[in-house]
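This report refers to the structure that appears directly beneath it.
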Amino acid sequence: MSDSVPARIIDGKAFASGLVDRVAAAAERLRGKTGVRPGLAAVIVGDDPASRIYVKSKGERAEAAGFHSETVRLPEETTQAELLAVVERLNGDRAIHGILVQLPLPPQIGADAVLAAIDPDKDVDGFHVVNAGRLATGGRGLVPCTPLGCLMLLKHELGDLSGLEAVVVGRSNIVGKPMVQLLLGESCTVTVAHSRTRDLPEVCRRADILVAAVGRPEMVRGDWIKPGATVIDVGINRVPSKEPARAAEGKTRVVGDVAFDEAAAVAGAITPVPGGVGPMTIAVLLANTYAAACAAAGVEAEPLDA
Ligand code: NDP
């Protein structure tokens, strides 16, 4: 059992880096064949510092992969009508294949109305109801980046997932629910747990695959995990530094939704935080933009899983 055999660490950072390389090479071939260069537009409203850093990084990564990249920065007081007009322009721009609107939006703008206005075939975040419907009915569409990244890591680690017991803790539209659909699509037996689930530790102990997408620091303990299970920790939580002096200065560190050391002593494989799921999100965003560009060019996208 597990105490003497520590879990394999699933290196999401390395996998994401390889995926970006594969996307860049495939995009180059697409351009050579059809003249189409994948284009990604990011729209940001207001001055939220974390959102600005995130959008800047997306633009830089897109350019590094050889994509055309456009960032639209709008002031905090932008109206919903003004933002919808920008989305409409990007929907009609043939150089743009992927549109993302950075959330959260200021209170005068309804996020649902804006996400619904994005052309579903350019919805590289996969949040549009049309893409949620395509995923739920087994159709082809753009899939939310974080859960698709989790699935890529799982398939790379385990190969065929068919018949495995999967438990997803969290049922948000952007992570938990699409994760459930993806695992169902791989013929797992899927349980979705949430804040009203009774005896969550017992439910988790059934899982061959445990995906935690909760937003509660280190909530999943070592004794919730079936020996040998594969654990995917989606959580990104800021907590005070372990060193009291640094914590007193307000210094923080990032932890996941899983108590890593305890879980790694029991699990067969586990994603660390940071360096697990996190780096996959932008890599999959580029992969989705490449796929959207292929669809626009009328050619089949090359498979990008390792
Ligand atoms: P949400 O807050 O939208 O959803 C959290 C889910 O967890 C809800 O379904 C909620 O249940 C459930 N939950 C909350 N408390 C408990 C509890 N005590 N027991 C069981 N279930 C509980 O979060 P997100 O899905 O957006 O994000 C989840 C985590 O993933 C966060 O830490 C976030 O930062 C991270 N994240 C990471 C990304 C990455 O790139 N790696 C991308 C996106 C998110 P209920 O529905 O009943 O309220």
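Taking the listed residues Val36, Val5, Val23, the one that is touching a residue at least 40 places away in the same chain (Cβ under 8 Å) and over 21 Å from Asp93 (Cα atoms) is Val23, with no other qualifying. Of all residues in the range 187-215, those being in a loop (DSSP other than H, G, I, E, B), crowded, with 16+ Cβ neighbours inside 10 Å and out of contact with any helix residue (DSSP H, G or I) (no Cβ under 7 Å at 6 or more places or on another chain) number 4.
Note on the range 90-185: enclosed helices (runs of 4 or more DSSP H) holding 1 or more residues that are closer than 25 Å to Val273 by Cα, among the basic types (Lys, Arg) and within 16 Å of the ligand (Cβ to nearest atom) are 176-185.
A quick yes/no check of all residues on (1) modelled with pLDDT under 95; (2) within 26 Å of Thr79 (Cα to Cα); (3) crowded, with 19+ Cβ neighbours inside 10 Å:
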{"position": "Pro107", "(1), (2), (3)": "no, yes, no"}
{"position": "Asp123", "(1), (2), (3)": "no, yes, yes"}
{"position": "Gly133", "(1), (2), (3)": "no, no, no"}
{"position": "Val143", "(1), (2), (3)": "no, no, yes"}
{"position": "His156", "(1), (2), (3)": "no, no, no"}
{"position": "Glu165", "(1), (2), (3)": "no, no, no"}
{"position": "Gly170", "(1), (2), (3)": "no, no, yes"}
{"position": "Pro178", "(1), (2), (3)": "no, no, yes"}
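Cys188 fulfils the conditions (1) of a type outside the set (D, E, K, R); (2) more than 12 Å from the ligand (Cβ to nearest atom); (3) closer than 16 Å to Ala263 by Cβ except for a single criterion, (3).
Taken over the range 259-290, the residue count meeting the criterion of being more than 9 Å from the ligand (Cβ to nearest atom), in a helix (DSSP H, G or I) and surrounded by fewer than 24 Cβ atoms within 10 Å (Cβ to Cβ) is 4.
Pairs are defined by a Cβ separation below 6 Å, a sequence spacing of at least 6 or placement on different chains, a first member in the range 192-215 that is more than 18 Å from Thr146 (Cα to Cα) and β-branched (Val, Ile, Thr), and a second member that is within 10 Å of the ligand (Cβ to nearest atom) and in a strand (DSSP E or B); the pairs so defined are Val203/Ala193.
Considering only residues in the range 223-242 that are more than 18 Å from Met152 (Cα to Cα), of a type outside the set (A, V, I, L, M, F, W, C) and buried (at least 17 other Cβ atoms within 10 Å of the Cβ), the one that is nearest to the ligand (Cβ to nearest atom) turns out to be Asn237.
Here is a yes/no grid of residues against (1) in a helix (DSSP H, G or I); (2) of a type outside the set (Val, Ile, Thr); (3) under 19 Å from Gly275 (Cα atoms); (4) modelled with pLDDT under 95:
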position: Pro217; (1), (2), (3), (4): no, yes, yes, no
position: Asp223; (1), (2), (3), (4): yes, yes, no, no
position: Gly228; (1), (2), (3), (4): no, yes, no, no
position: Ile232; (1), (2), (3), (4): no, no, yes, no
position: Arg238; (1), (2), (3), (4): no, yes, yes, no
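When the range 41-81 is examined, which residues are found to be hydroxyl-bearing (Ser, Thr, Tyr) and either over 18 Å from the mean Cα position of the chain (by Cα) or more than 14 Å from Gln102 (Cα to Cα) (or both)? Those that are hydroxyl-bearing (Ser, Thr, Tyr) and either over 18 Å from the mean Cα position of the chain (by Cα) or more than 14 Å from Gln102 (Cα to Cα) (or both): Ser69, Thr71, Thr78, Thr79. Screening Lys155 with (1) free of Cβ contacts under 8 Å to residues at least 24 places away in the same chain; (2) within 21 Å of Ala269 (Cβ to Cβ); (3) basic (Lys, Arg) gives one miss only, at (1).
Residues in the range 243-253 that are exposed (fewer than 14 other Cβ atoms within 10 Å of the Cβ) and either among the hydrophobic types (A, V, I, L, M, F, W, C) or closer than 18 Å to Thr189 by Cα (or both): Ala245, Ala248.
The values are calculated or read from the model by the stated rules, or taken from the named source; none is laboratory data. Only a predicted model underlies this, so the values are computations on that prediction, with no experimental measurement involved. Using ideal geometry, Cβ is built from the backbone for each residue, glycine included, and neighbour counts are taken over all protein chains shown.
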